[in-house]
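Visitor: My structure is below; once you've seen it, I'll send some questions.
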Amino acid sequence: MDSQTNKLAFELAFDEGWQYAPAPESTDHIRIDAQYELFIGGEFVVPQEGRYFPSINPATEEPLSKIALATAPDIDAAVAAARKAYDKWSKMKASERGKLVYRLARMLQERSREFATIESLDGGKPIRESRDIDIPLAAAHFFYYAGWADKLEYAFPGRTPKSLGVAAQVIPWNFPLLMLAWKIAPALACGNTVVLKPAETTPLTALKFAELVQDAGLPPGVVNIVTGAGETGSLLVNHPGVDKIAFTGSTEVGRIIQKAIAGTAKRYTLELGGKAANIIFADAAIDQAVEGIVNGIFFNQGHVCCAGSRLLVQESVADEVVQKLRDRMETLIIGDPLDKNTDIGAINSAEQLERIKSYLKIGEDEGAEMHQSSCPVPDRGYWCRPTIFTGVSQSNRIVQEEIFGPVLAVQTFRTLEEGLTKANNTPYGLSGGVWTDKGAKIFKMTQGVRAGVIWANTFNKFDPTSPFGGYKESGVGREGGLHGLGAYLSLESR
Amino acid sequence: MVSTASRVAVAKTYKIYIDGKFPRTESGRYFPLQDKDGNVIANVCLSSRKDFRNSIVAARNAFAKWSAASAYLRGQILYRIAEMLEGRHEQFVDELVTQGISKRRAGAEVDACTDRLIYYAGWADKYQQIFSAVNPVSSSHFNFSVLEPTGVVAIIAPDDSGLLGLISNVMPAIVGGNTCVVLASESLPLCAVSFAEVLHASDVPGGVVNILTGHRKELTTQFASHMDVNAIVYTDADQDVGKGIQVEAAQNIKRVIARTNVKWESDASQNPYVIQETQETKTTWHPIGG
């Protein structure tokens, strides 16, 4: 490391001289009930076995609410309600169906502050992210797909699109309401009814969404929300009464689902794990690239399937990039998710924190050098400091396996071909990033990386019009955009 | 085949097609193909799992270059296959007849094969325009989605349609830049081998299409489970076999494409959505700014 970058590190020592006053989002405007039931057939109903589980605030370890545990008879009831509603919903005039989906978008916008606050309380993500990204994007998804409802025949030349029936949807805890929107909005617009299971650690915004479904006047049974853990999800996916599975989660569970529904006529889309390479060339705008690396791996505590969890940096600028990255890491504020100054919130659960910690140990055991920011972390709650590993090799587990936390593995490359080969040396293929100022190189790389979403000179951008989904073991099918419609329709020849 | 004239006819040795070459199966095994009178028509290669693995290596190695070939070139090569097939029309009709198909049906099948090749050749530089999109994202980015080939496709070709069924499944895969390994019809295998000769004479690079003959009972599991296969196409499996294929395919999240109960002679079986089934959608973002 040359003297200039060392000097920079010294100047950016934020630990002492730069304090922000607390700026927490208030919670007096939100309502979280002490207990939530299952949302089936347009009503909140008590689970048949009467069991509940707590939803915990990961920043305080305090329970927020008691959540109903759905078991087999509840799943039967939810699927039956969705089936009953399907007949009417699929035959409703498409423009009218669209208006009801539009209504969901508008009501979500109206209550966005409440949803954002609850999302951060329940999941641990910084309020800046839930306020500026999760909730607005979720509303935008409903708004986008609502307009498709009466235009589907224009999306598939030479084909007549038909709805599928009852969709079973299982979503993860990293973007709870946004994943709900990705699933429910296109399903409804295409004339399907849904039974959705949110993740057991983040069920609250889905249950608040159920209130919107009631208020918006959707026919009972068009949207059903069942809560529980993996066993509930398995009951739902394997239920003989569902026609389509939409799952977002780990590749491990995706594999189980693909096997479990083999031999059935169930259609499926799987949005699974990733281990994206963020590739920095020497001719990139380095400061912008460093911001992109930070956004790529520390956004949402790294709980992002498309996170840029592998940094591939061209050798000639590697020292400079790593130093600037470490300097930038030092400035990140970790703490209260509700505080508007917070950059990195709480790890979603104790279980996930254990998993991340186990990978930190694996990284060190494999001989990599670990660098963590020195920022203070609260005493209570689940926290992980932003972490990078240097001196890793391609075969290291922290390079090959998805950690799903704020942990970055740094590798170097010399030639474009070497960078591309390393980027593609993974069973995953969800996303990738390329940073260079040279247009031809951008296209060479964006064409060469075998992944479904490529960000060039940017990272972790999402939009309802933009298809999302993976190559290889990162999944099957696309969500978002025109391409996302195909997941909820059968295309019959005219 | 017994020669009635004084000259002895030269019968063909039917081999398999891997990496642009015509080896015998490495296993040295065969199965006799008989006509309805019980005469041996040919000893057909009984391909092994090792032959399949070799084919996958060839297909994977061929993928980078074939997927990067221009759409125009791929279209011309498919068109060239059609030209070569048309020139060998009588040979394929005779071969189908030898395998027990009526002369009239055989002629219609070979005609349909040529026409199907022309059909997919024409899609080479068009399907992308049908299925791509520029996406109007609300942030200041240029965002577009295009199709890219899924990779190596394993195809278990229809048993009851020895030539047309094979062509109808191979062409949509390779016109989109995939490479493939095909298990030919078990009961009508001869045309598949002769079709490999047509491919070989049509500038299709070695490894892009690899054709095996053998028992599907023996090879289906391999086709479905191999970790370097990205998609599996099957065409006439019953429900149990279809289930087994998906269970094996899940090991590396293969795309599982079932084309059962398709009438291959019908025009309805050809459309660009068949091409799309072995394509991935890639979305690219770039900022717009000064």
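Visitor: Calculated FRET efficiency, B:Asn61 and A:Lys340, Cβ-Cβ r, R0 56 Å, to nearest 0.05?
Guide: Efficiency at R0 = 56 Å is approximately 0.55.
Visitor: What is the distance in Å between the Cα centroid of the stretch A:389-433 and that of the stretch A:327-376?
Guide: 19
Visitor: Tabulate in residue order the Karplus-calculated ³J(HN,Hα) for the stretch B:266-281, using 6.51 cos²θ - 1.76 cosθ + 1.60 with θ = phi - 60°, rounded to whole Hz; enter x for Gly and Pro.
Guide: Once rounded to whole Hz, the list reads 7, 4, 5, 7, 10, 6, x, 5, 5, 5, 4, 4, 10, 10, 10, 8.
Visitor: Follow-up. Which residues in the stretch A:440-459 have a backbone N closer than 17 Å to a point placed 7 Å from the Cα of A:Ser316 along the Cα-to-Cβ line?
Guide: What the label zone holds, given the 17 Å backbone N cut-off, is A:440-442.
Visitor: For A:Lys84, which aspartates and glutamates qualify as cross-link partners when the Cα separation must be under 18 Å and same-chain residues fewer than eight apart are set aside?
Guide: A:Glu43, A:Asp74, A:Asp76, A:Asp243
Visitor: Taking Rh as the Kirkwood radius computed over C-alpha pairs, what is the Stokes-Einstein D of the protein assembly as shown at 4 °C in a medium of viscosity 1.567 mPa s, expressed in µm² per second?
Guide: Calculated translational D: 46 µm²/s.
Visitor: Specify the inter-centroid distance of the stretch A:136-167 and the stretch A:16-70, based on alpha-carbon positions, in whole Å.
Guide: Cα centroid to Cα centroid, the span is 32 Å.
Visitor: Now for a different question. Near the amide H of A:Tyr52, under 5 Å away, which other amide H atoms are found, from residues 5 or more places off or on another chain, if H is placed in the peptide plane?
Guide: It is A:Leu69, by chain and number.
Visitor: Using only Cα positions of the stretch A:216-372, each an equal point scatterer, no hydration layer, compute I(q)/I(0) via Debye at q = 0.12 Å⁻¹ and quote the log10 values to two decimals.
Guide: Once normalised to I(0) and log-transformed, intensities are -0.76.
Visitor: Ok, one more. Find how much the distance from B:Asp125 to B:Ala108 grows on full extension, using 0.36 nm per residue of separation minus their present alpha carbon separation; answer in nm with one decimal.
Guide: Between B:Asp125 and B:Ala108, full extension yields an extra 3.3 nm.
Visitor: Where the only charges are on Cβ atoms (+1 Lys, Arg; -1 Asp, Glu), what is the dipole of the protein assembly as shown about its Cα centre, to the nearest 20 debye?
Guide: 2080
Visitor: So who's got an amide H within less than 5 Å of the one on B:Glu26, skipping anything under 5 residues away but keeping other chains? H placed 1.01 Å off N, in plane.
Guide: B:Ser48, B:Asp51
Visitor: Give me a comma-separated list of calculated 3J(HN,Hα) values for the stretch B:38-54, in order, Karplus coefficients 6.51, -1.76, 1.60 applied at θ = phi - 60°, integers in Hz, x for any Gly or Pro.
Guide: Result, rounded to whole Hz: x, 6, 6, 8, 7, 9, 9, 4, 9, 5, 9, 4, 5, 4, 5, 4, 4.
Visitor: Another question about this same structure. How would you order B:70-83, B:166-179 from highest to lowest mean count of nearby Cβ atoms within 10 Å? Please report the intermediate quantities before stating the final value.
Guide: Numbers: B:70-83: 18.1, B:166-179: 26.9.
With the highest mean Cβ count within 10 Å placed first, the list reads B:166-179, B:70-83.
Visitor: Take the residue pairs A:Lys422/A:Lys444; A:Lys438/B:Lys65; A:Lys99/A:Lys183; A:Lys183/A:Lys461; A:Lys461/B:Lys282 and return only those whose Cα atoms are more than 21 Å apart.
Guide: A:Lys438/B:Lys65
Visitor: Evaluate the distance, in nm, between pseudo-label points positioned 7 Å from the Cα of A:Ser250 and of B:Asp115 along their respective Cα→Cβ axes.
Guide: Calculated label separation equals 5.3 nm.
Visitor: Which lysines, on any chain, are close to B:Lys36 with Cα under 18 Å apart, when same-chain ones fewer than 8 places away are left out?
Guide: The qualifying lysines are B:Lys103.
Visitor: Other chains near A:460-471: what is the mean number of their Cβ atoms within 10 Å of each residue's Cβ?
Guide: Whole-number average of other-chain Cβ neighbours for A:460-471 is 6.
Visitor: Give me B:Asp228, B:Asp238 ranked fewest to most by other Cβ atoms within 10 Å of their Cβ, as a rough exposure proxy.
Guide: B:Asp238, B:Asp228
Visitor: Summing -39500 (n - 2.57) over the DSSP H runs of n ≥ 4 in the protein assembly as shown and dividing by its residue number, what mean residue ellipticity at 222 nm do you reach, to the nearest 500 deg cm²/dmol?
Guide: Details: 26 runs with 309 residues, N = 784.
After summing the helix terms and dividing by the residues of the protein assembly as shown, the value is -12000 deg cm²/dmol.
Visitor: To the nearest 20 Debye, how big is the dipole of the stretch B:30-287 about its Cα centre, given +1 on the beta carbon of each Lys and Arg and -1 on that of each Asp and Glu?
Guide: Roughly 700 debye, rounded to the nearest 20.
Visitor: Set Lys and Arg Cβ to +1 and Asp and Glu Cβ to -1, take the dipole of the protein assembly as shown about its Cα centre, and tell me which of B:Gly100, B:His200, A:Asn57 lies farthest positive.
Guide: B:Gly100
Visitor: What is the mean number of Cβ atoms from other protein chains located within 10 Å of the Cβ atom of each residue in peptide A:445-451, rounded to a whole number? Walk me through the numbers on the way to the answer.
Guide: Working: counts 0, 6, 6, 2, 2, 6, 4.
Whole-number average of other-chain Cβ neighbours for A:445-451 is 4.
Visitor: Which of A:Thr412, A:Thr426, A:Thr227 has the fewest other C-beta atoms within 10 Å, and how do the rest follow up to the most? Intermediate values should be presented prior to the final figure.
Guide: Values: A:Thr412 20, A:Thr426 23, A:Thr227 27.
So the residues, fewest neighbours to most, are A:Thr412, A:Thr426, A:Thr227.
Visitor: In nm, what is the difference between 0.36 nm times the number of residues separating B:Thr98 and B:Val134 and their Cα-Cα distance?
Guide: 7.7 nm
Visitor: Give the long-range amide H neighbours of B:Asp19: residues separated by 5 or more places, or on another chain, with amide H under 5 Å away, using H modelled in the peptide plane at 1.01 Å from N.
Guide: Amide H neighbours of B:Asp19, under 5 Å, 5+ apart: B:Gly207.
Visitor: Please report B:Leu190, A:Leu164 as a ranked list, fewest other C-beta atoms within 10 angstrom at the top and most at the bottom.
Guide: Working: B:Leu190 24, A:Leu164 21.
Neighbour counts put them in this order, fewest first: A:Leu164, B:Leu190.
Visitor: A further question on this structure: Quick one: 3J(HN,Hα) in Hz for the stretch B:97-104, Karplus 6.51/-1.76/1.60 with θ = phi - 60°, rounded, Gly and Pro as x.
Guide: Each residue of the stretch B:97-104 in turn: 4, 4, 8, x, 9, 5, 4, 5 Hz.
Each reported figure results from applying straightforward, stated rules to the coordinates on display, with no laboratory input. The structure displayed is predicted, hence computed values, not measured ones. Every residue, glycine as well, gets a Cβ built from its backbone with ideal geometry; the counts of neighbours run over all protein chains shown.
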